[in-house]
Amino acid sequence: LPALQDGPEPTPHTQEAHAPEDDFTAKWTRADARQLQRVSDPTTPPRENSMPASQTMPEVPQDFPDMSNDQVWVWDSWPLTDEDGNQYSVKGQEIIFSLVADRSLGFDERHQYAKIGYFYRETGVPAEERPENGGWTYGGLVFDEGVTDQIFEDKSFSHQTQWSGSARVFKGGEVKLFFTDVAFYRDAQGQDVKPYDPRLTLSVGKVHSTGKDVKLTGFNKVTELLQADGEYYQTGEQNPSFNFRDPFTFEDPAHPGETYMVFEGNTAMPRDEAYCTEEDLGYQAGDPFAETTDEVNASGATYQIANIGLAKATNEDLTEWEFLPPILSANCVTDQTERPQFVFKDGKSYLFTITHRGTFAAGIDGPEGVYGFVGDGIRSDFKPLNGSGLALGNPTNLNYQQGQPFAPNADQHPGAFQAYSHYVMPGGLVQSFIDTIGSPDDFVRGGTLAPTVKMDIAGDTTNVDYSYGDGGLGGWADVPANININPGGQV
Ligand code: FRU
């Protein structure tokens, strides 16, 4: 192992659990996040990975196959699950939901045009026996035109789009699709006329499988569940570029019978009045590498105040929800804690979330990837995994700038944007989508799912399993079900 670089000590975290309703928010502190740079090798030459191999996704080759057979761009994807995160096939057909967009758009234009589509394939086939691209059939869009715009009172939107979520399967093949319904109000120059309007929503439908193909019915109505409240979760009034999205529902083993949801939010402070506290910084007394709150608050870091929200269903249909205080904040650490999810293992609660290199606050740096936290319950004094929080990052050289997916930096590792939107599946398998692979003179945009990789999750660590697949890379777009249900939907 390379020597730990100079830097602050991480914040002690007890992992102690609090009641889900308690007003206790764990902090991913600057002291914690600065561990990222302590494990980066400052002598790593250009285009090589400076981060530990045990938390680095193996390099993805540029000649990747397209899972949609040229039909759509594909990015954030999620399986059909139960309350414990098990992944289901229905009458032998695996089903996933994905954000998709027309391939005539540039890949970076996708966000305003995202729609939820679905794919299916036969279950139980080993990855090496499938077609190289994963063998999925694209089933089309989930919603007809004119369904997801219904909830917006102001119909003067310029773009109405569907963002990420999660899908739960119930008896009889009923599917509850939780997602983010979004309206943008922009002028012809692309400037906001008023802030965009993301809402956490639910639509209910049914999955039908003949055993050969899969059809969805229903999904003709959207129920609004939650809008940002300005008290726990920042609103568009407080910050026009606030983040509020990506609902993921689950049952907490400690509270059977209740349904909870985690989602991406921001700390509810007005953008220009935001500040970070001693607790957000998290330094220990006398740490020679500590910063002062004055320093940090003057640095611009206060523009990055992500949190992970918690809500609880108040009825059986899961159509009514109440906010609880956030379970994690990353004030002055990063602005986006996206697609949060829980994995329960060995009596511990593992909270995973994705973040970009470019959304870290001034003075903090780390790779694009999935980050994780462990505690004794769904609201705990979470301890960042592996010291810093990094669970699985792209191969990245922190000694060099990142560039942009459409303009990578020549000195950067060609894999620095290779994957994003990681989703942790049963058995520590991780799926993600390909964004950009390569260097300025030779790069390829993705828009399809990356090879699945595996990490061993144990205690407060994760380690990439390089014995999985080919040097750690499994099948392309491999999102396997671990439970099969019959066409009647009886589990
Ligand atoms: C992650 C993400 C999600 C959002 C979607 C929009 O890749 O930013 O948070 O739902 O993409 O395209």
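Quick one: which residue in Gly300, Gly286, Gly282, Gly358 is more than 30 Å from Glu251 (Cβ to Cβ), within 16 Å of the ligand (Cβ to nearest atom) and either surrounded by fewer than 19 Cβ atoms within 10 Å (Cβ to Cβ) or more than 23 Å from the chain's Cα centre (by Cα) (or both)?
Just a single option satisfies the conditions, and that option is Gly358.
Which one of these is within 16 Å of the ligand (Cβ to nearest atom) and over 28 Å from Leu385 (Cβ atoms): Arg103, Arg130?
The conditions single out Arg103.
Given the structure, is Ala228 farther than 25 Å from Trp136 by Cβ, surrounded by fewer than 20 Cβ atoms within 10 Å (Cβ to Cβ) and of a type in the set (A, V, I, L, M)?
no
Just checking, does segment 187-196 include any residue being within 16 Å of the ligand (Cβ to nearest atom), at pLDDT 95 or above and under 20 Å from Phe342 (Cβ atoms)?
There is no residue in segment 187-196 that is within 16 Å of the ligand (Cβ to nearest atom), at pLDDT 95 or above and under 20 Å from Phe342 (Cβ atoms).
Answer yes or no as to whether Phe242 is within 16 Å of the ligand (Cβ to nearest atom), under 19 Å from the mean Cα position of the chain (by Cα) and open to solvent by less than 30 Å² (accessible area, probe 1.4 Å).
It is true that Phe242 is within 16 Å of the ligand (Cβ to nearest atom), under 19 Å from the mean Cα position of the chain (by Cα) and open to solvent by less than 30 Å² (accessible area, probe 1.4 Å).
Taking Ser98, is it away from the ligand (no atom under 16 Å from the Cβ), touching an Asp or Glu at 6+ places or on another chain (Cβ under 9 Å), open to solvent by less than 30 Å² (accessible area, probe 1.4 Å) and within 30 Å of Lys348 (Cα to Cα)?
Judged against the criteria, Ser98 is not a match.
Can Asp66 be described as outside any loop (DSSP other than H, G, I, E, B), surrounded by 18 or more Cβ atoms within 10 Å (Cβ to Cβ) and charged (D, E, K, R)? Talk me through it step by step, then tell me what you get.
Numbers: outside any loop (DSSP other than H, G, I, E, B): no; surrounded by 18 or more Cβ atoms within 10 Å (Cβ to Cβ): yes; charged (D, E, K, R): yes.
So Asp66 does not fit the description; no.
Quickly run through segment 14-37 and pick out the residues that are open to solvent by less than 30 Å² (accessible area, probe 1.4 Å), under 10 Å from Gly282 (Cβ atoms) and touching a strand residue (DSSP E or B) at 6+ places or on another chain (Cβ under 7 Å).
Trp28, Asp32
Going by the conditions given, is Met51 hydrophobic (A, V, I, L, M, F, W, C) and farther than 29 Å from Gly134 by Cα?
Judged against the criteria, Met51 is a match.
Go through segment 153-173 residue by residue and tally those that are over 25 Å from the mean Cα position of the chain (by Cα), surrounded by fewer than 18 Cβ atoms within 10 Å (Cβ to Cβ) and touching a residue at least 12 places away in the same chain (Cβ under 8 Å).
Counting residues in segment 153-173 that are over 25 Å from the mean Cα position of the chain (by Cα), surrounded by fewer than 18 Cβ atoms within 10 Å (Cβ to Cβ) and touching a residue at least 12 places away in the same chain (Cβ under 8 Å) gives 5.
Name the single residue that is modelled with the lowest pLDDT among those in segment 437-491 being assigned to a loop (DSSP other than H, G, I, E, B) and of a type in the set (A, V, I, L, M, F, W, C).
Among those that are assigned to a loop (DSSP other than H, G, I, E, B) and of a type in the set (A, V, I, L, M, F, W, C), it is Val491.
On the basis of being farther than 29 Å from Arg245 by Cα, more than 24 Å from the chain's Cα centre (by Cα) and not in a loop (DSSP other than H, G, I, E, B), does Glu128 make the cut?
Here the answer is yes, as Glu128 does meet what is asked.
Answer yes or no as to whether Phe248 is part of a loop (DSSP other than H, G, I, E, B) and under 18 Å from the mean Cα position of the chain (by Cα).
In short, no.
The rows are residues; the columns are (1) within 21 Å of the chain's Cα centre (by Cα); (2) of a type outside the set (A, V, I, L, M).
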position	(1), (2)
Arg38	no, yes
Pro46	no, yes
Asn49	no, yes
Pro52	no, yes
Gln55	yes, yes
Val60	yes, no
Asp66	no, yes
Val74	yes, no
Ser77	yes, yes
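The values are calculated or read from the model by the stated rules, or taken from the named source; none is laboratory data. What you see is a predicted model; the values in this text were computed from it and never measured. Neighbour counts are summed over all protein chains in view; Cβ atoms, including those assigned to glycine, are modelled from backbone coordinates with ideal geometry. In case anyone asks, the SASA skips ligands and DNA or RNA and just uses the protein heavy atoms, side chains included. Shrake-Rupley method; radii C 1.70, N 1.55, O 1.52, S 1.80 Å.
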